[in-house]
Amino acid sequence: MRFRIRSYGHPDAVALSDRVQAEYRKRFGYDDFTDLHPAHFDPPQGLFLVAYDAGAPVACGGWRAQADEGAGYAEGDAELKRMFVVERARGRGLARRILAALEDSARDADRTRMVLETGVHLPEAMALYESSGYRPTSPFGPFRAYEDSRFYAKSLTDQVPSGS
């Protein structure tokens, strides 16, 4: 399995993002309408990773810097977005590995907290985040009024990088 840094506008990232949206429509009945642009994930203010298996893109995830206090973010936040593993590649620990790599990258970019929004219809995502040290936090971003949304945060300042 190979991880590659990709632009959020790269064809493989776009294809996986389209699959994420299809999953959201299936489980929630609507898309994630968060305003995302490829530049949001450009280092050092973000990062987008794509995992490949035998040359095929099978998983992705990214983070982007956030600080809009009016939307519920705090200075130093990195927001996790578009975590996804295609069905045939699930159960191999890819999401956990991508998550660790994204946390390390955000920490290296002097981000102090990773935040994310997920939903009750994604119990496997909630289990991943909770088992990775994420704790419930105050709502933020465009889904803060949605009853089926769940919000999590994890400090990046009291963690040892996973590559250490």
Which numbered condition Glu124 misses (of (1) under 22 Å from Val20 (Cα atoms); (2) surrounded by 14 or more Cβ atoms within 10 Å (Cβ to Cβ)) = (2)
Could you give every pair whose Cβ atoms fall below 7 Å, whose first residue belongs to segment 130-141 and is on the phi > 0 side of the Ramachandran plot, and whose second residue is of a type outside the set (D, E, K, R), counting only separations of at least 6 or pairs across chains?
-> Gly141/Thr34; Gly141/Ala71; Gly141/Gly72
In segment 1-31, what residues are within 17 Å of Ser149 (Cα to Cα), under 16 Å from the mean Cα position of the chain (by Cα) and touching a residue at least 24 places away in the same chain (Cβ under 8 Å)?
-> Val20, Glu23
Residue in segment 106-123 that is modelled with the highest pLDDT, counting only those that are within 19 Å of Tyr24 (Cβ to Cβ) and over 14 Å from the mean Cα position of the chain (by Cα) = Pro123
Unique match (being among the polar types (S, T, N, Q) and buried (at least 16 other Cβ atoms within 10 Å of the Cβ)) among Ser105, Ser131 | Ser105
Which condition breaks for Glu103 when tested against (1) under 11 Å from the mean Cα position of the chain (by Cα); (2) under 24 Å from Glu147 (Cα atoms); (3) acidic (Asp, Glu)?
-> (2)
Being in a strand (DSSP E or B), of a type outside the set (S, T, N, Q) and either surrounded by 17 or more Cβ atoms within 10 Å (Cβ to Cβ) or at negative phi (or both) narrows it down to one of Arg111, Arg150, so name that one.
-> Arg150
Just checking, how many residues over segment 11-31 are in contact with a strand residue (DSSP E or B) (Cβ under 8 Å, 6 or more places away or on another chain) and closer than 22 Å to Gln66 by Cα?
-> 3
Single residue of segment 58-102 satisfying the filter (of a type in the set (Phe, Trp, Tyr) and in a strand (DSSP E or B)) that is surrounded by the most Cβ atoms within 10 Å (Cβ to Cβ) = Trp63
With the first residue restricted to segment 80-94 and required to be more than 10 Å from Gly62 (Cα to Cα) and small (Gly, Ala, Ser), and the second required to be modelled with pLDDT under 95 and assigned to a loop (DSSP other than H, G, I, E, B), Cβ contacts under 6 Å at 6 or more apart or on different chains are none
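The values are calculated or read from the model by the stated rules, or taken from the named source; none is laboratory data. As the structure is a prediction and not an experimental result, all values here were calculated from the model. Positions of Cβ are generated from backbone atoms using ideal geometry, with glycine treated the same way; all protein chains shown enter the neighbour counts.
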